[in-house]
Amino acid sequence: MNLEPLKDLPGYVYLATPYSRYPAGKVEAHRMACVLAGSLIKAKIPTFCPIAHSHAIAQIAGIDPDSHEIWLPADQFFIDGAYGIVVALMRGWQESTGVQYEIAEFKKAHKPIFYLDPEMGVISPADVSWAYIR
């Protein structure tokens, strides 16, 4: 997996993944988010992934996992602090309210946006429509 464009960045990246819109369900969305976050972390790329972080918290603490009123403000600190966003090209990412909000926030802040094909790694924005989407 090509992660070279993410090496040596001056801070952590925010890994955006779909959750409630993931066709295989929330548990599988969480698992995939953890797999992708783990790949970045193994490559020594500092990473925060809200789905990897929040899914278990929601389950154990009895918090509505679909509440944008809870999770978007909770994640804003990490959005504001991140160097850039890595958008995982998983099924449902384009329909995901959360992912689209996160992308808009990074655009508004003029921060880098990277796209991560789960098989190929980081790809150019021009190649997004051709990416393998899991």
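So which of LEU9, LEU15, LEU40 is touching a strand residue (DSSP E or B) at 6+ places or on another chain (Cβ under 9 Å), within 19 Å of TYR132 (Cα to Cα) and in contact (Cβ under 8 Å) with a residue 60 or more places away in the chain?
Answer to the selection: LEU15.
I need a count of the residues in the range 77-127 that are closer than 21 Å to SER20 by Cα, of a type in the set (Val, Ile, Thr) and modelled with pLDDT under 95.
1
Given (1) surrounded by fewer than 13 Cβ atoms within 10 Å (Cβ to Cβ); (2) closer than 16 Å to GLY11 by Cβ; (3) without any contact (Cβ under 8 Å) to a residue 12 or more places away in the chain, where does GLY81 come up short, assuming only one miss?
(3)
Mind telling me which of the residues TRP130, TRP71 ends up being over 16 Å from the mean Cα position of the chain (by Cα) and modelled with pLDDT under 95?
Values: TRP71 fails: over 16 Å from the mean Cα position of the chain (by Cα).
From the options TRP130, TRP71, the qualifying one is TRP130.
Can you give me the number of residues within the range 28-59 that are surrounded by fewer than 21 Cβ atoms within 10 Å (Cβ to Cβ), β-branched (Val, Ile, Thr), assigned to a helix (DSSP H, G or I) and within 14 Å of the chain's Cα centre (by Cα)?
2
Look at SER96 and say whether it is in contact (Cβ under 8 Å) with a residue 40 or more places away in the chain, buried (at least 19 other Cβ atoms within 10 Å of the Cβ) and of a type in the set (Ser, Thr, Tyr).
Values: in contact (Cβ under 8 Å) with a residue 40 or more places away in the chain: yes; buried (at least 19 other Cβ atoms within 10 Å of the Cβ): yes; of a type in the set (Ser, Thr, Tyr): yes.
Spelling it out, SER96 is indeed in contact (Cβ under 8 Å) with a residue 40 or more places away in the chain, buried (at least 19 other Cβ atoms within 10 Å of the Cβ) and of a type in the set (Ser, Thr, Tyr).
Just give me the residues in the range 2-27 being farther than 11 Å from MET90 by Cβ, more than 10 Å from the chain's Cα centre (by Cα) and surrounded by 14 or more Cβ atoms within 10 Å (Cβ to Cβ), in sequence order.
Hits for the range 2-27 are LEU3, PRO5, LEU6, LEU9, TYR12, SER20, LYS26.
The values are calculated or read from the model by the stated rules, or taken from the named source; none is laboratory data. Keep in mind it's a predicted model, so treat the numbers as computed, not measured. Glycine gets a Cβ as well: all are built from the backbone with ideal geometry, and neighbour counts include every protein chain shown.
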